[in-house]
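Here's the structure, in structure tokens; my notes come after.
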Amino acid sequence: MKTYIGIDLHKRTQTWVALAENGKDTLFKREFPVTPAGVEAGIKLSKSCGDNIVVAIEPTCGWLWVVPLLRECGIEVHISNPRKVKAIADSLQKTDENDATTLAQLVRTGIMHESREVTPEMQALRALIRERVFLVRLRASMKCRLESVVTRNGRHRILGSLSSKKGKTALIESGEAEWKRSLEVIADMGKYITQLDKEIATYSKQPIPTLLMTIPGVGIVTAVSMWAEVGDYARFASPEKLCAFAGLVPTERSSGGVQKLGRITKAGSTILRYILVEAAMRIRDADGSATLYQFYKTIRTTRGAMRARVALARKILTISWYMVKKNEPYQQRFTVEKKTA
């Protein structure tokens, strides 16, 4: 007889609900602290119901260390996809017990959408990538704030760009303590980002990042980031499914033979979508990227620059899928002839 358990995991507490194999009888409902001792207490209570235990848990809070503890005890663990477990998100009676019960029922019936797991090594790489993205965004925000502060106190006092050597010198010589502190914070974040870049670069010699770096606009950090976020390209049956994972496909509300497409879904990997759009912004009208630039230029003419960048980001991701599948570097399929004066 199997015991199905749903775990609703939070920052400090976790709620366990155990159902019998028939799905009707509740064997126990208990709340434990989110500590190793709390997890062990839950496992001990579960073992009293039988040895054939199946657990469903969402990838939230401390799941990265909770799941290994469960599996070490011989428990079968399924990790749900939070975006697709609509029964929890749309519940009108949303409590920890109800959420845990829903997870247990879903895994019992086999209709729970599961998240894809990656290796611990890939998890560590993803952590590096996300730390870097956070710092880059924070640095950009700090630079914008510095520009605002300087403007408030008289932008005419500093000529030129604040990020130039001349601009930084003028900021320091101004005698404004806040300006100097801002420069120091920005410089410190730059040092941390450089350290992360060096660590990320150690992965660039792997086969997939090496292939991806042949795409125009894709450098070392971008290539390794794409690889880290996508993981195994083979798990995506088509480039369309990969683009859907990145949230780069349009939303659709079609009915009665009428198709209605809207904005991109922005579902899936936020980091992957962010780095792809950044890569698209680096495409220029050069020999090696002429085809991609022409694609961008054509869409920009009719749809605007922002939508053109998103479309180009999707195209780059689509190209990467075919490259990895065929194990071939990037090649332009045709040459765009430049007009001569």
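Just a few scattered comments:
- Filter result (aromatic (Phe, Trp, Tyr) and farther than 23 Å from Ser320 by Cβ) within region 182-232: Tyr192
- Matching helices (runs of 4 or more DSSP H) fully within region 162-230 where at least 2 residues are under 24 Å from Lys315 (Cα atoms): 207-212, 220-230
- Inter-residue pairs, beta-carbon under 6 Å, first surrounded by 11 or more Cβ atoms within 10 Å (Cβ to Cβ) and in region 82-101, second part of a loop (DSSP other than H, G, I, E, B) and at pLDDT 90 or above, 6+ apart: Pro82/Glu58
- Hey, Glu252 closer than 30 Å to Val150 by Cβ and modelled with pLDDT under 95 or not: no
- Counting only residues that are touching a residue at least 60 places away in the same chain (Cβ under 8 Å) and under 19 Å from the mean Cα position of the chain (by Cα), region 200-218 holds 5 of them.
- In region 22-42, the residues that are part of a loop (DSSP other than H, G, I, E, B) form Cβ pairs under 7 Å with partners that are hydroxyl-bearing (Ser, Thr, Tyr), at six or more places apart or across chains, as follows: Val34/Thr13.
- Among the residues of region 256-282, those that are among the small types (Gly, Ala, Ser) and assigned to a helix (DSSP H, G or I) comprise Ala279, Ala280.
- Cys49 satisfies every condition listed in (1) outside any loop (DSSP other than H, G, I, E, B); (2) surrounded by 15 or more Cβ atoms within 10 Å (Cβ to Cβ) except (1).
- Of everything listed in (1) modelled with pLDDT of 95 or more; (2) surrounded by fewer than 19 Cβ atoms within 10 Å (Cβ to Cβ); (3) of a type in the set (Val, Ile, Thr), the single unmet condition for Val221 is (2).
- Residues (more than 23 Å from Asp287 (Cβ to Cβ) and either free of Cβ contacts under 8 Å to residues at least 12 places away in the same chain or not charged (D, E, K, R) (or both)) located in region 302-316: Thr302, Arg303, Gly304, Met306, Arg307, Val310
- Any chance Leu272 is without any contact (Cβ under 8 Å) to a residue 40 or more places away in the chain, touching a Phe, Trp or Tyr at 6+ places or on another chain (Cβ under 9 Å) and closer than 30 Å to Gln123 by Cβ: no
- Looking across region 62-104, the residues that are within 18 Å of Glu114 (Cα to Cα), of a type in the set (A, V, I, L, M, F, W, C) and at pLDDT below 90 come down to Val85, Ala87, Ile88, Ala89.
- When region 102-147 is limited to residues that are acidic (Asp, Glu) and in a helix (DSSP H, G or I), the one that is surrounded by the fewest Cβ atoms within 10 Å (Cβ to Cβ) turns out to be Glu121.
- Residue satisfying all of: in region 232-249; part of a loop (DSSP other than H, G, I, E, B) and surrounded by fewer than 20 Cβ atoms within 10 Å (Cβ to Cβ); modelled with the lowest pLDDT among these: Val249
- From the options Arg307, Arg300, Arg314, residue that is in a helix (DSSP H, G or I), under 18 Å from the mean Cα position of the chain (by Cα) and either within 30 Å of Arg126 (Cα to Cα) or among the basic types (Lys, Arg) (or both): Arg314
- Of the residues making up region 54-70, one or more are hydroxyl-bearing (Ser, Thr, Tyr), part of a loop (DSSP other than H, G, I, E, B), touching a Leu at 6+ places or on another chain (Cβ under 9 Å) and surrounded by 12 or more Cβ atoms within 10 Å (Cβ to Cβ).
- Look at (1) at pLDDT 95 or above; (2) closer than 28 Å to Arg300 by Cβ and you find that Thr265 fails only one, number (1).
The values are calculated or read from the model by the stated rules, or taken from the named source; none is laboratory data. What you are looking at is a predicted structure, and each value in this text was computed from that prediction instead of being measured. When we count neighbours, we look across all protein chains shown, and the Cβ atoms used for this are built from the backbone with ideal geometry, even at glycine.
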